[in-house]
Amino acid sequence: MNELKNKKILLLDLDGTVYQDLEAVFGQVSKLMTKYISEKLKIDLKKAKELQTNYFYKYNTSLNGLMIHHNIPPKEFLNYVHDIDLSFMKKDKVLREELEKSDMKKLIFTNGSTNHAKNVLSHLGIDDLFEGIFDISDAEYTPKPEPKAFDLMVKKFGINPKETIYVEDIAKNLSIGKERGCSTVWLKNNEQWGKMESDKDYIDHKIENLSLFLKEIRLLKSN
């Protein structure tokens, strides 16, 4: 942990990282994806779900596979699947307090859309604490953990990976961050996709609670 006290940038994934009730959000997104694929490709819901899952595992996002094989317009897709109800989501006062107290520059790096990120951050009550969002369109629809996505993010934000703490719930997405010089942090979870490769040496730290982790860093910096 000691090497984290001099870091200047906090780079956070969005879904499953700034909040952890992934099913409540992505359950909705996933159903809309299935419906969209079914209607757009004129196939039944079962086949649409199979295609959605296969593309996700093969191409890191379902959208990436749909663009490659079916020329799906990405903005239309993202607007459709992120039209979800987040009224259940409560403001995270503990996380807000730790983000406010942190002296690091705070950034979001997501495979989703900026609108979705703003919606989530707003419902959590922390949207005003981030200096930037890098979304899938900024990455030219190349998903994490592709080097292109990471390098475009670094270019957009003008950050030095060696000064950066990068936190993800999907372990394998951290591989390129470590390669580029970040201190990498995996937020533990039992999602099949999330914990894949979580035993790899490109993960520097494993945590169970983001707010507590930020508090530990803050206390380190104050010593």
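Being farther than 15 Å from GLU191 by Cα and modelled with pLDDT under 95 is a condition met by at least one residue of region 6-19.
Inside region 12-54, can you point out the residues that are assigned to a helix (DSSP H, G or I), without any contact (Cβ under 8 Å) to a residue 60 or more places away in the chain and over 13 Å from VAL81 (Cβ atoms)? Spell out how you get there, then give the answer.
First, the residues of region 12-54 that are assigned to a helix (DSSP H, G or I): 22-41, 45-54.
From what is left, the residues that are without any contact (Cβ under 8 Å) to a residue 60 or more places away in the chain are 23, 26-41, 45-54.
Result: GLU23, LEU41, LEU45, LYS46, LYS47, LYS49, GLU50, LEU51, THR53, ASN54.
Whenever a residue of region 188-201 is under 13 Å from SER175 (Cβ atoms), its partners that are assigned to a helix (DSSP H, G or I) and among the aliphatic types (A, V, I, L, M), lying with C-beta atoms within less than 6 angstrom and at least six residues away or across chains, give the pairs GLU197/ALA171; SER198/ALA171. Checking each residue in region 130-188 for being surrounded by fewer than 20 Cβ atoms within 10 Å (Cβ to Cβ) and of a type in the set (Lys, Arg) picks out LYS148, LYS155, LYS156, LYS162, LYS178, ARG180, LYS188.
Pairing each residue of region 211-223 that is surrounded by 15 or more Cβ atoms within 10 Å (Cβ to Cβ) with any residue that is outside any helix (DSSP H, G or I) and modelled with pLDDT under 95, provided the two are 6+ apart or on different chains, yields no C-beta distance under 6 Å. In this structure, SER62 does satisfy being crowded, with 21+ Cβ neighbours inside 10 Å and either free of Cβ contacts under 8 Å to residues at least 40 places away in the same chain or not assigned by TED's automatic domain parsing to the domain that holds LYS195 (or both).
If only one of LEU99, LEU107 is over 16 Å from VAL29 (Cβ atoms), touching a residue at least 60 places away in the same chain (Cβ under 8 Å), in contact with a strand residue (DSSP E or B) (Cβ under 8 Å, 6 or more places away or on another chain) and in a helix (DSSP H, G or I), which one is it?
Values: LEU107 fails: in a helix (DSSP H, G or I).
The match here is LEU99.
Can you spot a residue in region 31-38 that is within 30 Å of GLU98 (Cβ to Cβ) and of a type in the set (Val, Ile, Thr)? Scanning region 31-38 turns up no residue that is within 30 Å of GLU98 (Cβ to Cβ) and of a type in the set (Val, Ile, Thr).
Against the condition closer than 20 Å to ALA139 by Cβ, within 16 Å of the chain's Cα centre (by Cα) and crowded, with 19+ Cβ neighbours inside 10 Å, how does GLY112 come out, does it pass?
Numbers: closer than 20 Å to ALA139 by Cβ: yes; within 16 Å of the chain's Cα centre (by Cα): yes; crowded, with 19+ Cβ neighbours inside 10 Å: yes.
Taking the combined requirement at face value, the residue satisfies it.
Is region 30-44 home to any residue that is aromatic (Phe, Trp, Tyr) and over 27 Å from THR164 (Cβ atoms)? Yes. Could you tell me whether region 65-81 includes any residue that is on the phi > 0 side of the Ramachandran plot and assigned to a loop (DSSP other than H, G, I, E, B)? Yes, region 65-81 contains at least one residue that is on the phi > 0 side of the Ramachandran plot and assigned to a loop (DSSP other than H, G, I, E, B). Within region 26-48, the set of residues being surrounded by 18 or more Cβ atoms within 10 Å (Cβ to Cβ), of a type outside the set (Ser, Thr, Tyr) and either assigned by TED's automatic domain parsing to the domain that holds ILE133 or more than 20 Å from the chain's Cα centre (by Cα) (or both) comprises ILE37, ALA48.
Just one of (1) surrounded by fewer than 21 Cβ atoms within 10 Å (Cβ to Cβ); (2) in contact (Cβ under 8 Å) with a residue 60 or more places away in the chain fails for HIS123. It is (2).
The values are calculated or read from the model by the stated rules, or taken from the named source; none is laboratory data. Just so you know, these numbers come straight off a predicted model, no measurement behind them. Don't worry about glycine lacking a Cβ; one is built from the backbone with ideal geometry, like all the others, and counts go over all protein chains shown.
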